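Right, one structure below, let's go through it.
The values are calculated or read from the model by the stated rules, or taken from the named source; none is laboratory data. Model, not experiment: these values are computed from the prediction. Here the Cβ positions follow ideal geometry from the backbone for every residue, glycine too, while neighbour counts run over all protein chains shown. For the accessible areas, the whole protein counts, side chains as well, though only heavy atoms, and no ligand, DNA or RNA atoms are used. Shrake-Rupley method; radii C 1.70, N 1.55, O 1.52, S 1.80 Å.
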Number of protein chains: 2
Amino acid sequence: MKWIVVVLIAVIALAGVVTYMAPASGQADGDASPIYGITIPPGYRDWKLIAVKHLTIGNKADQLRAQLGNDIAIKAFKEAKVPFPDGSIIAALHWTRVLSDNDTKVIAGQFPGAQSFVIGSAVNVQFMVKDSKKYASTGGWGFADFANGKPGDRKLHETCFPCHAPAADHDFFFTHYAA
Amino acid sequence: MKWIVVVLIAVIALAGVVTYMAPASGQADGDASPIYGITIPPGYRDWKLIAVKHLTIGNKADQLRAQLGNDIAIKAFKEAKVPFPDGSIIAALHWTRVLSDNDTKVIAGQFPGAQSFVIGSAVNVQFMVKDSKKYASTGGWGFADFANGKPGDRKLHETCFPCHAPAADHDFFFTHYAA
């Protein structure tokens, strides 16, 4: 009886890891990213903040962005330690940026000319998962891009690593921890 | 001997609470906010993300901002529950927004016209601490504004509550949780 309990606990403990690291078989199911086989890590929205950004692409995109990290990644960021250890996961949350008429009105009362931009709606969520063996051919990182909970296609995921390659000296990650 | 240990544990446990809730005596020490007597809550940088913002004030200010909450506040946000329960603390981290030449160069390779704005340096950190009895005259909230670890003056802190008053229908808090 006792060994059943032990096995069960082990299985439950492993489940947390396995769920977001489905085999990169190229035959990923509908909820995993092509090429890398990554599903959405449970609880990522509660991870700690690395930094925030604002991205514009002409008049095509205007986004407020936040980068969050799991505990392994945050520890490495705080210690300014690269390469990131296996098990590091970084989440990039992207939202549209919109002017808040309400906030602007209030703030401009005290600070004339102020404009307050806030989050409009979710655009996509991206993940980088560090596994130096599994993802050896892409700098040790697996990539995933989800919109409305669904992964983007293979063509989209083929662009991830080439875009991150210029940041090789910081283990392929651009963002710095915001002190 | 045993009771000494118990008392010591109790003192250590309380210390975490007391450090950020010094008496609002009006004689706050150098590290506590005037009027409200709030010091910087330990570990706030590791709190969970509520949302991000971008604020401009003409050419005087251009800031990327993140709002973080302690566990009590985050639970209330997720449940869309107001008023916030006592013990809720919200942190607002403000940084300068600067164009990243490096990021822009990389991203614009794939997305022509892209501009990536990142965090420059820390401007200030603000806190709202919910204690419906202690801060009854200011909507149940105490306020604090720190720059370089030092609280702003009394005049600055006199502006906190009037500015938040228009958000009375959301318990004096403007930001919505970013799903």
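Values computed for the structure shown
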item: Number of positions in region A:30-50 that are in a loop (DSSP other than H, G, I, E, B) and modelled with pLDDT of 95 or more; result: 13
item: Residues of region A:131-175 satisfying the condition of being within 20 Å of A:Leu49 (Cβ to Cβ) and out of contact with any helix residue (DSSP H, G or I) (no Cβ under 8 Å at 6 or more places or on another chain); result: A:Phe146, A:His170, A:Asp171, A:Thr175
item: Residue match in region B:125-142 (condition: under 13 Å from the mean Cα position of the chain (by Cα) and closer than 30 Å to B:Ile107 by Cβ); result: yes
item: Of the criteria (1) at pLDDT below 95; (2) of a type in the set (Asp, Glu); (3) more than 30 Å from A:Thr159 (Cβ to Cβ), which one B:Asp71 fails; result: (1)
item: Region A:29-39, residues that are farther than 22 Å from A:Ala122 by Cβ and open to solvent by 40 Å² or more (accessible area, probe 1.4 Å); result: A:Asp29, A:Ile35
item: Test set (1) at pLDDT 95 or above; (2) out of contact with any strand residue (DSSP E or B) (no Cβ under 6 Å at 6 or more places or on another chain) - A:Asn102 fails condition number; result: (1)
item: Qualifying residue in region B:137-147 (condition: open to solvent by 50 Å² or more (accessible area, probe 1.4 Å) and either at pLDDT below 95 or assigned to a loop (DSSP other than H, G, I, E, B) (or both)); result: no
item: Matching residues, region B:77-91, being open to solvent by less than 70 Å² (accessible area, probe 1.4 Å) and at pLDDT below 95; result: B:Val82
item: Filter result for the condition that a residue is more than 11 Å from chain A (Cβ to nearest Cβ) and of a type in the set (Lys, Arg), over B:Lys81, B:Lys53; result: B:Lys81
item: In region B:40-63, residue nearest to A:Ala51 (Cα to Cα) [restricted to those that are charged (D, E, K, R) and surrounded by fewer than 16 Cβ atoms within 10 Å (Cβ to Cβ)]; result: B:Asp46
item: Any hit, region B:115-138, residues being within 14 Å of chain A (Cβ to nearest Cβ) and either on the phi > 0 side of the Ramachandran plot or basic (Lys, Arg) (or both); result: no
item: Filtered residues of region A:64-76 (kept if open to solvent by 20 Å² or more (accessible area, probe 1.4 Å) and either within 10 Å of chain B (Cβ to nearest Cβ) or among the aromatic types (Phe, Trp, Tyr) (or both)); result: A:Arg65, A:Asp71
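Let's see how each residue does on (1) of a type in the set (Lys, Arg); (2) in a strand (DSSP E or B); (3) crowded, with 16+ Cβ neighbours inside 10 Å; (4) out of contact with any strand residue (DSSP E or B) (no Cβ under 7 Å at 6 or more places or on another chain):
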residue	(1), (2), (3), (4)
A:Leu93	no, yes, yes, no
A:Ile107	no, no, yes, no
A:Phe117	no, yes, yes, no
A:Ser121	no, yes, no, no
A:Phe127	no, yes, yes, no
A:Lys133	yes, no, no, yes
A:Lys155	yes, no, no, yes
A:Pro162	no, no, no, yes
A:Ala168	no, no, no, yes
